[in-house]
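Please read the structure below before turning to the comments.
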Amino acid sequence: QVQLGESGGGLVQAGGSLRLSCAASGRTFSSYSMGWFRQAPGKEREFVAAIDWSGLNTDYATSVEGRFTISRDNAKNTVYLQMNSLKPEDTAVYYCAAKFGSSRTRDEDTYNYWGQGTQVTVSS
């Protein structure tokens with residue numbers, strides 16, 4: 001069982017930055033690949049970024065590539081999402097998720113555990 005808790009959301013002006021953190025419980029964090037997803041009001045949840053167990057392989061949605069960076073610290077059981085050059089369309093609830101296994105994936109149906117989410121609001 002893995003419990004995930006996101007933090008770092010908030011209100012920021014367009015062009016600003018935020019760093020989201022997701023802390024995981026348990027001693028097998030390095031056995032999981034991790035992902036960030038987001039859901040805007042009235043829209044379906046969508047993939048944002050993913051990282052494999054080692055932290056060496058990452059994947060990004062086209063809409064955030066070049067602006068967002070996913071990373072992880074296995075010693076701290078934490079995955080991060082650094083978000084720069086934020087846009088109003090980035091406004092959403094951001095969720096982190098854990099998938100048992102080494103390979104990163106965009107497919108949210110393969111993730112085993114989810115956090116409660118953290119709100120990110122970008123004002124224009």
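For the range 43-82, the Kirkwood hydrodynamic radius comes to 10.9 Å, computed from all pairs of different C-alpha atoms. Bin width 5 Å, alpha-carbon pairs only: give the P(r) of the range 1-43 as whole percents, running from 0 to the bin holding the largest distance. The percentages, shortest bin first, are 5, 14, 23, 21, 17, 10, 8, 2.
Would you mind telling me the share, in percent, of accessible area of the range 19-124 contributed by carbon and sulfur at probe 1.4 angstrom?
Values: 2300 of 5280 Å².
It is 44 percent, rounded to a whole number.
Taking a sphere under 14 Å around the Cβ of Ser124 and counting the other residues whose Cβ falls inside, with K and R at +1 and D and E at -1, yields a net charge of -1. Each residue of the range 77-86 was assigned a 3J(HN,Hα) from its phi angle through the Karplus expression (A = 6.51, B = -1.76, C = 1.60, θ = phi - 60°), giving 6, 9, 10, 10, 9, 8, 10, 10, 6, 5 Hz with x at Gly and Pro. In this calculation the C-beta distance from Thr58 to Ser31 is compared with R0 = 25 Å, giving a FRET efficiency of 0.90. For a straight C-alpha distance cut-off of 19 angstrom, the aspartates and glutamates reachable from Lys43 (same-chain residues fewer than eight places away being disregarded) are Glu89, Asp90, Asp107, Glu108, Asp109. Using the Cβ-Cβ distance between Arg45 and Ala75 with R0 = 25 Å, the FRET efficiency computed as 1/(1 + (r/R0)^6) comes to roughly 0.25. With Rg and the Kirkwood Rh both taken from Cα atoms, where does Rg over Rh land for the chain? So for the chain, dividing Rg by the Kirkwood Rh gives 0.94.
Accessible area per residue for the chain, computed on protein heavy atoms with a 1.4 Å probe, is 51 Å².
When +1 charges are put on Lys and Arg Cβ atoms and -1 charges on Asp and Glu Cβ atoms, the dipole computed for the chain relative to its Cα centre reaches about 280 debye. Annotation: peptides 75-86, 10-21, 110-121, ranked by per-residue average of other Cβ atoms within 10 Å with the highest first, follow the order 75-86, 110-121, 10-21.
The values are calculated or read from the model by the stated rules, or taken from the named source; none is laboratory data. Since this is a predicted model, take the numbers as computed values, not measurements. Positions of Cβ are generated from backbone atoms using ideal geometry, with glycine treated the same way; all protein chains shown enter the neighbour counts. In case anyone asks, the SASA skips ligands and DNA or RNA and just uses the protein heavy atoms, side chains included. Shrake-Rupley method; radii C 1.70, N 1.55, O 1.52, S 1.80 Å.
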